[in-house]
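A short reminder: the numbers here are calculations on the coordinates, not readings from a lab. Predicted model, so just to flag it, every value in this text is computed and none were measured. When we count neighbours, we look across all protein chains shown, and the Cβ atoms used for this are built from the backbone with ideal geometry, even at glycine.
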C-alpha cells in the first residue's frame, strides 16, 4: 500500500500552472513544499523535512485559491518517484507526494494571528492590540514615522 499523510506548513506560495489539452480542456497543477516537523529535536532546535507535493484538478484549484506560505495543512496522498536527464546529461531522481486530498490544519484566525505576529516582528512593531482591534502605539514613538500624518 502506498499511502502518505503529512501535516506541515507551506514554505512558499504554490506554483500553479494551467495548461490546455489538445481536446481544448484545461488542466491545472500545483506544486508546493511542506515543512514537516520531526518528532525529535536536534541541538539547533526543531528538525524538519521538506517534502515536495504536487496536486492536480480540484485540489490544485483549492491550492491556487486558498494556500499561501506559512499556512498549516494536512495532505493525504501517495509517493511517486521518477527520473529525468538534466541539461548536463546527468540523471536526476525525484520523489514527490501526489496529493489526493488536502485540508486546513488550523483555523483561519490562528493562521492570520501567526502571520500578523510575523509581520509585526519583521517590521519591528511591538504594539499590542486593544479589545477593539486598534494597536497601542507607545508614547515614545515619533509621529513622523506614521503613514497617516
Open item on the list: Quick check: pseudo-label points 7 Å beyond the Cα along Cα→Cβ at residue 56 and residue 69, how many nm apart are they?
Closed with: 2.9 nm
Task: Packing-based ranking, highest mean first, of 82-89, 13-20, 43-50, 31-38 given that Cβ atoms within 10 Å are counted - done: 31-38, 13-20, 43-50, 82-89
Task: Directionally averaged shadow of segment 53-94, computed from the convex hull of its alpha-carbon atoms, nm² - done: 4.4 nm²
